[in-house]
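Note sheet for the following structure.
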Amino acid sequence: MKEEMISKPSTELEPQTPAEGVLKRSDWGDAITYQVTCECQDANHDHNVWVEADDHRVTVTTYTTQKSKWWSLNRWQTVWILLTRGYVEHEANIIMTEQQALNYAETLKQAIQDVKNFKQP
């Protein structure tokens, strides 16, 4: 049984260059930005990723712009929640294929190394 498993060809995915679903937007040496696209192709689901280095550390910031259908919501209930809680919750999600997730992970690893190297004397 073990021999059968070893002899099968590998179907493991490898990181791609250029990377599917991960778009490099800018590179300033100590800061690199990417746009990670959603598999559903809706730009409202895309995530923006900033990898930055300063004199002490490297940070990775992921964000998305939240939107609501304000006019189709129960506005009075939303206003009440805002007044009583101090915030209104919105959900953001992104769907990635296996290949895209692997590309995303590899891109983050490489970007962290790149900005670290840029800041070294």
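Rule-based calculations on the coordinates, nothing more; no lab input. Worth saying up front: this structure is predicted, and the values here are computed from it rather than measured. Positions of Cβ are backbone-derived with ideal geometry, glycine not excepted, and every protein chain shown enters the neighbour counts.
What to note about this one:
- The chymotrypsin sites (Phe, Trp or Tyr not before Pro) of segment 19-121 meeting both criteria, a DSSP state outside H, G, I, E and B (loop) and at most 15 other C-beta atoms within 10 angstrom of the site's C-beta, are Trp28, Tyr87.
- Along each principal axis, Cα extent of the chain, largest first, Å: 65, 50, 24
- Cleavage-rule hits, GluC sites (Glu not before Pro), segment 36-121, DSSP coil, Cβ neighbours within 10 Å at most 13: Glu39, Glu89, Glu91
- Our coupling estimate for segment 70-78, obtained by passing each phi through the Karplus curve with A = 6.51, B = -1.76, C = 1.60 and θ = phi - 60°, is 3, 6, 9, 7, 6, 4, 5, 5, 5 Hz, Gly and Pro reported as x.
- Extension gain, Glu106 back to Val88 (0.36 nm per residue minus Cα-Cα distance, nm): 3.1 nm
- Using the Cβ-Cβ distance between Gln35 and Arg57 with R0 set to 25 Å, the FRET efficiency from 1/(1 + (r/R0)^6) comes to roughly 0.60.
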